[in-house]
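The values are calculated or read from the model by the stated rules, or taken from the named source; none is laboratory data. Since the structure is predicted, the reported quantities are computational estimates derived from the model, not experimental observations. Don't worry about glycine lacking a Cβ; one is built from the backbone with ideal geometry, like all the others, and counts go over all protein chains shown. When the accessible area is computed, the model is the full protein with side chains, heavy atoms only, and any ligands, DNA or RNA have been set aside. Shrake-Rupley method; radii C 1.70, N 1.55, O 1.52, S 1.80 Å.
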Amino acid sequence: MARDGINKRELNKWARNLVKETNKSVERAQRRNPLCVSAQLNSTASVIPAGEVTESSGNQARLLLWLDEQARQNPSRYIDVTRFVEEQQLHDEDTSVLAFELEQRDLVTIARTFGGTPEVHLTDAGRAAIHRLKKLRLDRAARLRYTMDAFHQWLFATAGDQKPINPALFLDTPAAYFAGSEITGTELHEALAHLSQHKLIEHIDTEPATVAITPQGVSCAPAGGSVQDHVNQPRPGTTYNNYMPNAKGVIIGEQQHLTQNNTDGVDPTLFAQLTGYIGQVSTTLGMSETDRVELERVAQDLHAEAASGNPEPGRLRQFATQLKDKLLEADTTIAATMGVQMADQALAALVQ
């Protein structure tokens, strides 16, 4: 069934234009600044500590949210987990296993009876986990990161031989849920555009329109980690265009090949990437004109220090921290979030 008004016909129409529009935007971006946007992500396959349910916990997160709804109607009663499986049509799920997994994390208590179906009651830890899930599922940047990873892994498992497949089929899988809530068609569209931009998938002109995993996408999947981990791998000899707009929007800067040739052993690459990224997104952050000009001024100072022959770690830290603080003050957007993550990554490199 189509989600939030987006049916397969609309997905197919979008897919037919995916590569054309993406290639245009990629070409424009490469002419301006061929950088890979840096983001430090958690793997969806990571071990989940006891007592926690994360965005990638699948039906456990969905069950917790469902139990929350049921508990609001009957606060003191134990709830039959079989009803959840039946209502959600999860015929392959073992209700007892679902209940036991939550009990092992101290999220529910199970009514111990002889035979019958598992009935559970939320614990305080379970209610706290539900609160975290409700906050997490509102994090747009985290939803996008998860959707990219989940779709990429699903595509590798389903069509790793590079055969074309309809991307809309992903929406009917258990992986198409983030923190217990459905991944929407719009979110899938955005994730596909990013995967295509990084050449992990390609559009196949079929009817209905399909996508296929690329050789680069195939090599990324078994490596573990996330899509961004793969994209951000350092490539020897990479040349970056460090273009920075000035306060009047005029592009300044030059193409430089940054190398680690200073006595302090500082690699300026991450800082140069950060300044180039700020130059691309500064006008999209929802800042006032005064704040935007100040953000770009600090970015220019950081760029000048990073591009110098012997950058000082203290000055790099000072300017990068100022950029991070200003991004945190900006509107909550994916662009600002990614900028903060790039700043964190660059600052972390100074203490290694």
In Å², what does the accessible area per residue of the stretch 58-135 work out to with a 1.4 Å probe? 57
On average, how much accessible surface per residue is there in the stretch 140-232, in Å², for a 1.4 Å probe, leaving out ligands, DNA and RNA? 36
Phi-based couplings in Hz for the stretch 161-169 (Karplus 6.51, -1.76, 1.60; Gly and Pro marked x): 7, 6, 6, x, 8, 6, x, 5, 5
Residue-normalised accessible area of the stretch 268-350, expressed per residue, 1.4 Å probe, Å²: 39
Hey, can you rank 294-300, 279-285 by average C-beta count inside 10 Å, highest first? 294-300, 279-285
Alpha-carbon Rg with Dmax, taken over the stretch 140-232, Å: 12.1, 34
For THR290 and LEU328 in one chain, what is 0.36 nm times their gap in residues minus the Cα-Cα distance, to one decimal in nm? 12.1 nm
Using modelled backbone amide H atoms (1.01 Å from N, in-plane), which distant-in-sequence or interchain residues come within less than 5 Å of THR123's amide H? VAL108, THR109
Give me the one-decimal Kirkwood hydrodynamic radius in Å for the stretch 268-350, with the sum taken over alpha-carbon pairs. 12.3
Taking protein heavy atoms only, a 1.4 Å probe, and rounding to whole percent, the accessible area of the stretch 140-232 owed to carbon and sulfur comes out at 54
Relative to the present Cα-Cα distance, how much length would full extension add between HIS131 and GLU207 at 0.36 nm per residue of separation? 23.0 nm
Fully extended, how many nm does the chain gain between GLU312 and VAL218 (0.36 nm per residue separation, minus their Cα-Cα distance)? 29.8 nm
Here Rg/Rh (Cα, Kirkwood) for the stretch 86-193 equals 1.06
Taking all protein chains in place and a 1.4 Å probe, what share, in percent, of the accessible surface of the stretch 58-135 do carbon and sulfur account for? 46
Could you pull out every residue, at least 5 positions away or on a different chain, whose amide H is within less than 5 Å of the one on ILE183? Hs are placed 1.01 Å off N in the peptide plane, and Pro or chain starts have none. TYR177, PHE178
Whole-percent carbon and sulfur share, accessible surface of the stretch 268-350, 1.4 Å: 48
Residue-by-residue Karplus 3J(HN,Hα) for the stretch 300-308, coefficients 6.51, -1.76, 1.60, Hz, glycine and proline x: 5, 4, 5, 4, 4, 5, 5, 8, 6
Which net charge results for the neighbourhood of LEU302, defined as the other residues with beta-carbon distances under 12 angstrom from its beta-carbon, given Lys and Arg at +1 and Asp and Glu at -1? +1
Rg followed by Dmax, in Å, when the stretch 58-135 is reduced to its Cα trace: 11.5, 38
Tell me, what is the 1.4 Å probe accessible area of LEU90, in Å² to the nearest 10? 30
What are the ³J(HN,Hα) values, in whole Hz, obtained from phi via the Karplus relation 6.51 cos²θ - 1.76 cosθ + 1.60 with θ = phi - 60°, for each residue of the stretch 199-213 in sequence order, with x given for Gly and Pro? 6, 8, 9, 9, 7, 10, 7, 10, 10, x, 4, 9, 10, 9, 6
Once amide H atoms are built 1.01 Å from N in the peptide plane, which residues 5 or more positions from ARG105, or in another chain, come under 5 Å H to H? GLY51
